[in-house]
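The values are calculated or read from the model by the stated rules, or taken from the named source; none is laboratory data. What you see is a predicted model, and the numbers here were worked out from it, not measured in a lab. All Cβ positions, even for glycine, are placed from backbone atoms using ideal geometry, and neighbour counts span all protein chains on display. Side chains are part of the model used for accessible areas, which takes the heavy atoms of the whole protein and leaves out ligands, DNA and RNA. Shrake-Rupley method; radii C 1.70, N 1.55, O 1.52, S 1.80 Å.
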Amino acid sequence: MSAEPAPLATPYRTHTCGQLRVDDDGRDAKLAGWVHRRRDYGKLVFIDLRDRHGITQVVVDAADAPEAHATASRVRSEFVIVVEGAVARRQPGTENPKLATGAVELQARMVTILNEAKTPPFYLNDPDAPIDESLRLRYRYLDIRREAMLSRLVMRSRLVHAIREAHHASGFVEVETPNLIKSTPEGARDFIVPSRLQPGTVYALPQSPQQLKQLLMVAGVDRYFQIARCFRDEDMRGDRQPEFTQLDLEMSFVDEAAVMGFVEQMVIEVSRATVPDRPIRAIPFPVFEYEDAMERYGSDKPDIRFGMELFDLAPALTGPDGSPASGFRVFDETLAGGGRVKGMTGPGLGGASRREIDELTEIAKRFGARGLVHLAVQPGGELHGPIAKFLAPETQAAVRAAARAGEGDLILVIADKAETTNDVLGRLRVELGARLGLADPNELAYCWVHHFPMYQWDAEHGRWDATHNPFSGVVPEDEALLTTTSGDLDVRDPGDPAGRAKAMQYDIALNGWELGGGSVRIWNRDLLARSFNLQGYSIEQMKERFGAILEAFEYGAPPHGGIALGIDRWAALFANQATIREVMAFPKTQSGSDLMLEAPSAPEEEQFQELGLRFVGVPEKR
Ligand code: ASP
């Protein structure tokens, strides 16, 4: 925090509580802030005075300043006070090297109480005291007085500042798009806002500025960015918030490489400016094909700070004629049925206890697997585990080779449908990586994953859902897959060749979290109409929902693409926090409540009347 400019002097203070140094010895100073801690030794009262910039020790001596001493005796924690006096070097041996101001103290001539404070509901001056999170959220303004929370918000501010600088330096224009708009689907429910002026109608809050930023490209803005608030009404699984912040950007006349190239450079600059002490693992960022990432890491947001890659056991379990012949029924049936048998090696885990293995099996089941096979490599290479006896020595050797496992390692195997196998092993890999402390917590390991499938078949609705963004473009070599149909736009079937098309969609991951995602868009109107149609929108629905963009595309749309990065996640990762709530000033709880403002709350009767609304109740879920 030292490099930031100090606020100008005001009638309340000449310096901040983080500013005074040995060089100031002998000068007069006036400080204002909160009483962080008070120690009363009778004739001497010590006050640690705190503001955002730091803490300064104040000494009030009854012999020198009886009035100030009387006031100081009355102050309590979190009172807001002003202290005037002389800066003095501390007695040798009493300096506090933990404080930037720790070599000096302010010898008070005058102490003024500006405001008293109730006893706070939790300790603000003990960084290690565990505090119930709902209490912190209820009194967030007190929570933010704590150094840890405050420094995270300051870091976040630096992050956003660095983002702005990097974009301006590259010719981007910051444009604010409105929050009262029409639905922009990003896979969640919309928050809607009833219109008073047009009764019976609603605005939707943006799930993202997606359509507007594309329209800005049609408008010729060329390079746009925004620190955009997005609103998504979803069940708050995991670490989600109903409103969150994205760095949203879009560029014209670009291909995938151009967007990824700019974003990578920007991400490096922003990381170096915001957290200069944290090394970036690999530059250029590794780029994985989606299929490759799933195959090797079981995840489309791989944590590449450690290895422990997944391996395919099919070759080791298959006989010379190509048919499954491992001797273990579950493996053979899985392979014969088109499933996958894959594994992962836990280094040095061969001695895991029964209980530890049961725990891993439980986790695998929770993630959706039917079971988890474990094989410990014994001295001499023999495999040990409940199913080892079914595997012939050659098979065991082949499994060990595929697993690159040595004595003392533990081979974990899942046999299931392809997706389940990858997904479960991917999650187990993350879990084991954390348990074994394999990842360097200081490192920033960015990587790209791209070329996701365009669509996945949604049997329930009989349509091809976009796997990511409904506006994502198809890689040039797969364009024909979207156009080779009978021409009847309203026919959708699971065998459509479009199901094999890959998208110009790229995600950026950081330390195992999805940091952002974007795509080069479909900018050709006919292709866009066809893509929307595969996604289940009839021509009428398309016009109704995406009329503006479809119409705009008739007036000359440039090729364009962009991305959005989650600023909350980025800040949380920079601050090494497990939840984004720790880097948000006023987050909501898991059930979407603001405990401090007590939102959401019932509307006023008058508001109902003006809007012509009344609650009829929510239908009971059956
Ligand atoms: N609008 C997308 C999202 O919110 C990002 C993008 O494709 O630019 O995830």
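Could you please report the charge total around Phe225, scoring K, R as +1 and D, E as -1 over all other residues with beta-carbon less than 13 angstrom from its beta-carbon?
Taking every Cβ under 13 Å from that of Phe225, the sum is -3.
Between Asp25 and Ser170, what is 0.36 nm times their sequence separation minus the Cα-Cα distance? Round to one decimal in nm. Could the numbers behind the result be given before it?
Details: separation 145, 0.36 × 145 = 52.20 nm, distance 4.60 nm.
So the extension gain works out to 47.6 nm.
Any chance you could check the Cα centroid distance between region 326-385 and region 17-32 for me, in angstrom?
Taking the Cα centre of region 17-32 as reference, the centre of region 326-385 is 65 Å away.
Please list, ordered by chain and number, the residues whose modelled amide H lies under 5 Å from the amide H of Val175; skip anything fewer than 5 residues away on the same chain.
Here Phe225 satisfy the definition.
Show me, for region 79-93, the HN-Hα J-couplings you get by feeding each phi into the Karplus relation (A = 6.51, B = -1.76, C = 1.60, θ = phi - 60°), rounded to Hz, glycine and proline as x.
Here the 3J(HN,Hα) series is 5, 9, 9, 10, 10, 10, x, 10, 7, 9, 4, 6, 4, x, x Hz.
How many nm separate the modelled label positions at Ser601 and Ala392, each set 7 Å beyond the Cα in the direction of the Cβ?
7.6
Return the distance in nm (one decimal) between the two label points of a simple spin-label model at Glu540 and Phe253, each offset 7 Å from Cα along Cα→Cβ.
Here the answer is 4.2 nm between the modelled labels.
Show Asp25, Asp64, Asp568 ordered by accessible area, largest first, where the area counts protein heavy atoms only and the probe is 1.4 Å.
On the way: Asp25 75, Asp64 120, Asp568 5 Å².
Heavy-atom accessible area, descending, gives Asp64, Asp25, Asp568.
Rounded to the nearest 10 Å², what accessible area does Arg370 show when all protein chains are kept and the probe is 1.4 Å?
150
Of Thr14, Gln57, Thr318, whose Cα points farthest to the positive end of the dipole of the chain (charges on the beta-carbon: +1 Lys, Arg; -1 Asp, Glu; origin at the Cα centre)?
Result: Gln57, furthest along the dipole toward the positive end.
Taking Lys43 as the anchor, which aspartates and glutamates have their alpha carbon closer than 18 Å to its alpha carbon, excluding any fewer than eight residues away along the same chain?
Lys43 reaches Asp61, Asp64, Glu67, Glu105.
With a/c under 1.5 counting as rounded, go ahead and sort region 537-622 into rounded, prolate or oblate using the C-alpha gyration tensor (a ≥ b ≥ c being the square roots of the eigenvalues; past the cut-off, prolate if a/b is larger than b/c, else oblate).
Numbers: a/c = 2.45, a/b = 1.12, b/c = 2.20.
Here region 537-622 falls in the oblate category.
Put +1 on the Cβ of every Lys and Arg and -1 on every Asp and Glu Cβ in the chain; which of Ala459, Val475, Ala282 then has its Cα farthest towards the positive end of the dipole?
Of the listed residues, the answer is Ala282.
Using amide H atoms built 1.01 Å from N in the peptide plane, name the residues 5+ places from Phe191, or on other chains, whose amide H lies under 5 Å from its own.
Leu205, Asp233
Under the rule of at least 5 residues apart or a separate chain, name every residue whose amide H is placed under 5 Å from the amide H of Met110.
Glu84
In percent, how large is the relative contact order of the chain, given Cα pairs closer than 8 Å and 6 or more residues apart? It would help to have the intermediate numbers written out before the result.
Numbers: 1201 pairs, mean separation 77.7, N = 622.
Answer for the chain is 12 percent.
Explain nothing, just compute: Karplus ³J(HN,Hα) = 6.51 cos²θ - 1.76 cosθ + 1.60, θ = phi - 60°, for every residue of region 162-178 in order, whole Hz, x for Gly and Pro.
Each residue's phi maps through the Karplus curve to give 5, 4, 4, 4, 5, 6, 4, 5, 9, x, 7, 10, 7, 10, 8, 9, x Hz.
If the chain between Glu356 and Ala70 were fully stretched, how many nm would it gain, using 0.36 nm times the residue separation less the Cα-Cα distance? All intermediate terms of the calculation are to be shown ahead of the outcome.
Numbers: separation 286, 0.36 × 286 = 102.96 nm, distance 6.23 nm.
So the extension gain works out to 96.7 nm.
First check a/c for region 6-123, with a ≥ b ≥ c the square roots of the eigenvalues of its C-alpha gyration tensor; if it is under 1.5, answer rounded, and if not, answer prolate when a/b is larger than b/c or oblate otherwise. Could you put the intermediate results ahead of the total?
Values: a/c = 1.32, a/b = 1.16, b/c = 1.14.
The shape class here is rounded.
Quick one: accessible surface of Ser195, probe radius 1.4 Å, all protein chains present, in square angstrom to the nearest 10.
10
Which value in nm describes the separation of the simple spin-label points at Ala401 and Arg196, placed 7 Å from the Cα toward the beta carbon?
7.7
For region 205-298, what is the charge dipole size about the Cα centre, in debye to the nearest 20, if Lys and Arg each add +1 at the Cβ and Asp and Glu each add -1 at the Cβ? Before the final figure, lay out the partial values.
Working: 10 positive and 17 negative charges, 77 e Å.
The calculation lands at about 380 debye.
Where does the chain land at 222 nm, in deg cm²/dmol rounded to the nearest 500, when only DSSP H runs of n ≥ 4 count, each adding -39500 (n - 2.57), divided by all residues? It would help to have the intermediate numbers written out before the result.
On the way: 17 runs with 176 residues, N = 622.
The per-residue figure over the chain is -8500 deg cm²/dmol.
What are the ³J(HN,Hα) couplings of region 234-249, residue after residue, when phi is run through the Karplus curve with 6.51, -1.76, 1.60 and θ = phi - 60°? Round to Hz, x for glycine and proline.
So the Karplus estimates, Gly and Pro as x, are 10, 5, 7, 5, x, 9, 10, 9, x, 10, 8, 10, 10, 7, 10, 8 Hz.
At 1.4 Å probe size, with no ligands or nucleic acids counted, give the accessible surface of Thr421 in Å², nearest ten.
0
Would you be so kind as to identify which of Ala503, Gln541, Gly516 lies farthest towards the positive end of the dipole of region 480-617, taking Lys and Arg as +1 and Asp and Glu as -1 on Cβ and the Cα centre as origin?
Sorting the options by dipole projection puts first Ala503.
Note down the magnitude of the dipole of region 355-464 about its Cα centre, charges +1 on Lys and Arg C-beta and -1 on Asp and Glu C-beta and zero elsewhere, to the nearest 20 debye. Write out the running numbers ahead of the final one.
On the way: 12 positive and 16 negative charges, 40 e Å.
About 200 debye.
Around Met584, what is the net charge, scoring Lys/Arg as +1 and Asp/Glu as -1 over all other residues with Cβ under 14 Å from its Cβ? Show your work: numbers first, answer last.
Working: positive: Arg136, Arg140, Arg152, Arg156, Arg229, Arg240, Arg569, Arg581, Lys588; negative: Glu133, Asp143, Asp239, Glu243, Asp568, Glu582, Asp594.
Net local charge, Met584 excluded: +2.
What FRET efficiency comes out for the pair Asp594/Ala63, r = Cβ-Cβ distance, R0 = 45 Å, nearest 0.05? Don't skip to the end; give the middle numbers.
Numbers: r = 51 Å, r/R0 = 1.12.
Taking R0 as 45 Å, the efficiency between Asp594 and Ala63 is 0.35.
Any idea how far the Cα center of region 262-277 sits from the one of region 209-250, in Å?
About 21 Å separates the Cα centre of region 262-277 from the one of region 209-250.
Excluding same-chain residues fewer than 8 positions from Lys301, which lysines have a Cα within less than 18 Å of its Cα?
Partners found: Lys502.
Taking the Cβ of Arg74 as the center, what net charge do the other residues with Cβ under 12 Å away carry, scoring Lys and Arg +1 and Asp and Glu -1? Don't skip to the answer; put the middle values down first.
Numbers: positive: Arg38, Arg76; negative: Asp40, Glu67, Glu116.
Here the charged neighbours net out to -1.
Here is the link list: Lys389/Lys417; Lys30/Lys118; Lys365/Lys417; Lys342/Lys365; Lys98/Lys118; Lys182/Lys213. Which ones come out longer than 20 Å on Cα distance? Mind dumping the intermediate values first?
Working: Lys389/Lys417 24 Å; Lys30/Lys118 25 Å; Lys365/Lys417 14 Å; Lys342/Lys365 16 Å; Lys98/Lys118 28 Å; Lys182/Lys213 14 Å.
Checking Cα-Cα distances, Lys389/Lys417; Lys30/Lys118; Lys98/Lys118 exceed 20 Å.
About the Cα centre, and with charges only on the beta carbon of Lys, Arg (+1) and Asp, Glu (-1), how big is the dipole of the chain? Nearest 20 debye, please.
Details: 71 positive and 91 negative charges, 364 e Å.
Value, rounded to 20: 1760 debye.
May I ask you to give the percent of accessible area on the chain that is carbon plus sulfur, with a probe radius of 1.4 Å?
Carbon with sulfur: 51 percent of the solvent-accessible area.
In a Debye calculation with equal point scatterers on the alpha-carbon sites of the chain and no solvent, what is log10 I(q)/I(0) at q = 0.05, 0.07, 0.10 Å⁻¹?
-0.33, -0.62, -1.08
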